[in-house]
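The values are calculated or read from the model by the stated rules, or taken from the named source; none is laboratory data. Because the structure is a prediction, the values reported are computed rather than measured. When we count neighbours, we look across all protein chains shown, and the Cβ atoms used for this are built from the backbone with ideal geometry, even at glycine. Protein only, heavy atoms only, side chains kept; ligands, DNA and RNA dropped before computing areas. Shrake-Rupley method; radii C 1.70, N 1.55, O 1.52, S 1.80 Å.
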Amino acid sequence: PLVLAGNDRTQARRLQRLALQGQLRRIYPGIYTDDLVQPLEAIVRRELFALCSQVAPGAVISHRSALDGGRPTTAGNVFLTGANRRDFSLPGVTLRIAQGAGPLDGDIRVPTFAGDTFISSQARALLENLAASRGDPAERRTLGTAGVEAWLDRLISRDVSSAVNQIRDTAREIAKPLGLEPQFQQLDAIIGAL
């Protein structure tokens with residue numbers, strides 16, 4: 001479990017002392033764990049949603065990370081969207097925040113003991129993944145057209161309740177506020193073709 005200092009300076013100093021005495025381990029400034037056995041990387045992955053709510057409050061787990069259920073990439077990247085572009089390094093994981101809209105009504109709220117974390121809705125994540133990005137395909141922020149097509153193909157193959165049409169309708173509504181109208185046109189064409 002995580003131990004948080006919060007905004008209490010007295011608590012922060014107490015936790016620092018406990019870490020120096022070997023009773024806690026520091027994960028990030030103001031965030032510790034009392035698990036002295038497991039590797040910090042394993043703890044970070046297990047407590048990722050709680051850590052996101054503390055390290056990047058108001059940000060949304062987005063892009064490829066949203067479609068992967070918040071799991072880090074092979075290199076340990078988790079992609080978020082928030083008020084400011086920034087990266088946060090945690091043991092074994094880097095939170096990479098792109099500037100953009102915070103949580104929307106349809107985004108998924110994940111309550112944790114440390115605060116709420118949000119994950120892009122499927123419609124939002126599909127739009128985000130059609131935006132251009134550079135770099136190694138396994139580590140870039142977006143899955144691209146081929147990745148979105150593969151994801152939709154898997155969904156359509158087991159779709160019994162027209163979820164794809166609901167995703168398209170939601171994507172149509174949120175594309176303009178997100179500034180992703182060209183991506184909606186592309187998504188609409190992909191869904192039509194599939």
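Using DSSP to call loops (not H, G, I, E or B), can you name the GluC sites (Glu not before Pro) in segment 82-162 whose Cβ has at most 10 other Cβ atoms within 10 angstrom?
Details: sites: 128, 139, 149; in loops: 139.
Passing sites in segment 82-162 do not exist.
Could you let me know the centre-to-centre spacing of segment 52-112 and segment 7-31, using Cα atoms, in angstrom?
Segment 52-112 and segment 7-31 have Cα centres spaced 25 Å from each other.
What FRET efficiency comes out for residue 10 versus residue 155 if R0 is 30 angstrom and r is the Cβ-Cβ distance? Round to the nearest 0.05. Can you show the working numbers first?
Values: r = 50 Å, r/R0 = 1.68.
Given R0 = 30 Å and the Cβ-Cβ separation, E is 0.05.
May I ask you to list the trypsin sites (Lys or Arg not before Pro) in segment 66-162 that are in a DSSP loop and have at most 13 other Cβ atoms within 10 Å of their Cβ? The partial results should precede the final answer.
On the way: sites: 85, 86, 96, 109, 124, 134, 140, 141, 154, 158; in loops: 85, 134, 140, 141.
Loop-located and lightly packed - 85, 134.
Average the reciprocal distances over every distinct pair of alpha-carbons in segment 100-188, invert the result, and give the Kirkwood radius in Å. Show your work: numbers first, answer last.
Details: mean 1/r = 0.0716 Å⁻¹.
Evaluated over segment 100-188, this radius sits at 14.0 Å.
How many percent of Cα pairs in segment 2-46 exceed 13 Å? Present the calculation step by step, with values, prior to reporting the outcome.
Working: 476 of 990 pairs.
Here the tail beyond 13 Å accounts for 48 percent of pairs.
Arranged from highest to lowest average of other beta-carbon atoms within 10 Å per residue, in what order do the peptides 78-84, 24-30 appear?
Numbers: 78-84: 22.9, 24-30: 16.9.
Packing proxy ranking, top to bottom: 78-84, 24-30.
Calculate what fraction, in whole %, of the accessible area of the chain sits on carbon and sulfur atoms when a 1.4 Å probe is rolled over the protein chains.
Working: 4930 of 10180 Å².
The value for the chain is 48 percent carbon and sulfur by accessible area.
Which percent of Cα pairs goes in each bin when the distances of the chain are cut into 10 angstrom slices starting at zero?
Once binned at 10 Å, the Cα pair distances of the chain give 9, 34, 31, 17, 8, 2, 0.
Between residue 71 and residue 38, 0.36 nm times their residue separation minus their Cα-Cα distance comes to what? If you can, show how the numbers build up before the last one.
Details: separation 33, 0.36 × 33 = 11.88 nm, distance 1.88 nm.
Working it through step by step, the gained length comes to 10.0 nm.
Would you kindly derive the ³J(HN,Hα) couplings of segment 24-31 from the backbone phi angles with the Karplus curve 6.51 cos²θ - 1.76 cosθ + 1.60 (θ = phi - 60°), listing them in order in whole Hz, with x for Gly and Pro?
So the Karplus estimates, Gly and Pro as x, are 9, 10, 7, 9, 7, x, x, 10 Hz.
Rounded, prolate or oblate for segment 34-144? Axes are the square roots of the Cα gyration tensor eigenvalues, ordered a ≥ b ≥ c, and the cut-off for rounded is a/c under 1.5. Mind dumping the intermediate values first?
Details: a/c = 1.90, a/b = 1.30, b/c = 1.47.
It is oblate, given that a/c is not under 1.5 and a/b is not larger than b/c.
List the residues, sorted by chain then number, that are 5 or more residues from residue 3 or on another chain and whose placed amide H is less than 5 Å from its amide H.
Distant-sequence amide H within range of residue 3: 32, 33, 34.
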